[in-house]
Amino acid sequence: MGNKEGRAIWLRPSSYLHNSSTSFRRLTGTLHRYYSTNRVEKEWMMRLPSRPVTLALVLVAAASTLAGCKKEDTEYAQNMSGSSAPDIAPSAAPNVAFTYDYRFALAAKDIAAVQERHAAACEGLGLARCRIAGVVYRRSGDDYVQAELALKLAPDIARKFGKDAAATVEAARGTLNQVEIGGEDQSATLRSSEETSESARTERERLERQLADRATPDAVRSELERQLAAQRDVERSAARDGQAARALVAVTPMRFTYSTDGFSPGFTPARTAKSALAVAATLINWLMSLAIVLAALAVPIGLLFLIAAHGRRLALWLWRLLGPKPVIVAD
């Protein structure tokens, strides 16, 4: 704008949202006074949009903004719903031995039931697909429980089983606090095992052919037999390494940890009264301990104060009592 046409005024959209005649008249009067003071031409004032048009534009803009926010919130809620475990299939990482560790927070009264549901779901899959490796349940008081469930699953169902387990916890009004998915790549071990086994097999077959030749001297046969035994040991060791690596890949350990840590049980009169009584009992025990300590220190502290206040007089009294008596010499 030019120097004579005034300065720009920025109006917040919320000013237009006050859908009342008083607010609109006050706004129009403010604009009129401002531009009249700054000598703005009357024709420019006529360019201001009428009241219905202005309100319509503002309402359309506000509705568009709210619709966009609502859409973003809906998409965010959809993305955050369900289990937050990474969506990784075993086929995406072949020859990797995965381990799953889930940590759930639930109410103390619901932990045993949820743990039993998870164990029943594992048993329903059969021993070939899922096995229970360990169960732990510890209760300390009425409001603190910690439990664990260790499972061995087939790799192709581990991810889905973990998600279903998290959904079971959420249905019981619990929360999934932490998920740890670890993996150890066994490709190098399997490749090394196959290469070593193939090399040992080739050498073993060569030695066996030499031993089968009747023209081989007896002195050489003993050395060949020793080398043959060593190659057989190498071949067996490589086979064991490969078998162990394949066993790790074929079974996926999964651990569920249930705890009341991080779970808010909410307000109940009984729980609040019990907590208040526990705090009061702790305070009373602390005060009694302090009283016993002060009573034990009262005697030595009192003696120190007595000596400090009457030390000289006490020393003179002890001197008169225990010191040498004066000897009176007769003239």
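Tabulated values for the structure
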| read-out | value |
| --- | --- |
| Tally, over region 233-245, of residues that are hydrophobic (A, V, I, L, M, F, W, C) and crowded, with 19+ Cβ neighbours inside 10 Å | 2 |
| Positions within region 123-142 being touching a helix residue (DSSP H, G or I) at 6+ places or on another chain (Cβ under 8 Å) and not basic (Lys, Arg), in sequence order | LEU125, CYS130, ILE132, VAL135, TYR137, ASP142 |
| One residue from THR216, THR196 being β-branched (Val, Ile, Thr) and either at pLDDT below 90 or not assigned by TED's automatic domain parsing to the domain that holds GLN146 (or both) | THR216 |
| Criterion violated by SER84 - all others in (1) in contact with a strand residue (DSSP E or B) (Cβ under 9 Å, 6 or more places away or on another chain); (2) modelled with pLDDT of 95 or more; (3) of a type in the set (Gly, Ala, Ser) satisfied | (2) |
| Some residue of region 197-213 being touching a strand residue (DSSP E or B) at 6+ places or on another chain (Cβ under 9 Å) and of a type outside the set (Gly, Ala, Ser) | no |
| Within region 128-163, considering residues that are without any contact (Cβ under 8 Å) to a residue 24 or more places away in the chain and not aliphatic (A, V, I, L, M), the one farthest from ALA247 (Cα to Cα) | GLY141 |
| Checklist (1) under 20 Å from PHE98 (Cβ atoms); (2) at pLDDT 95 or above; (3) of a type outside the set (Lys, Arg) applied to ASP156, failing item | (2) |
| Among residues of region 288-318, those that are closer than 30 Å to ASP142 by Cα and surrounded by fewer than 10 Cβ atoms within 10 Å (Cβ to Cβ), counted | 0 |
| One residue from LEU207, LEU248, LEU224, LEU228 being in contact with a Lys or Arg (Cβ under 7 Å, 6 or more places away or on another chain), surrounded by 15 or more Cβ atoms within 10 Å (Cβ to Cβ) and aliphatic (A, V, I, L, M) | LEU228 |
| Filter result (among the hydrophobic types (A, V, I, L, M, F, W, C), in a helix (DSSP H, G or I) and over 48 Å from the mean Cα position of the chain (by Cα)) within region 201-238 | LEU207, LEU211, ALA212, ALA219, VAL220, LEU224, LEU228, ALA229, ALA230 |
| Matching entry among GLU184, GLU148 (being modelled with pLDDT under 95, of a type outside the set (A, V, I, L, M) and assigned to a strand (DSSP E or B)) | GLU184 |
| Residue list for region 165-204, restricted to those being surrounded by 13 or more Cβ atoms within 10 Å (Cβ to Cβ) and among the acidic types (Asp, Glu) | GLU170, GLU184, ASP185, GLU194, GLU203 |
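The values are calculated or read from the model by the stated rules, or taken from the named source; none is laboratory data. This structure is a prediction, so every number in the text was calculated from the model and none was measured. FYI the Cβ positions are ideal-geometry reconstructions off the backbone, even for glycines, and counts take in every protein chain you see.
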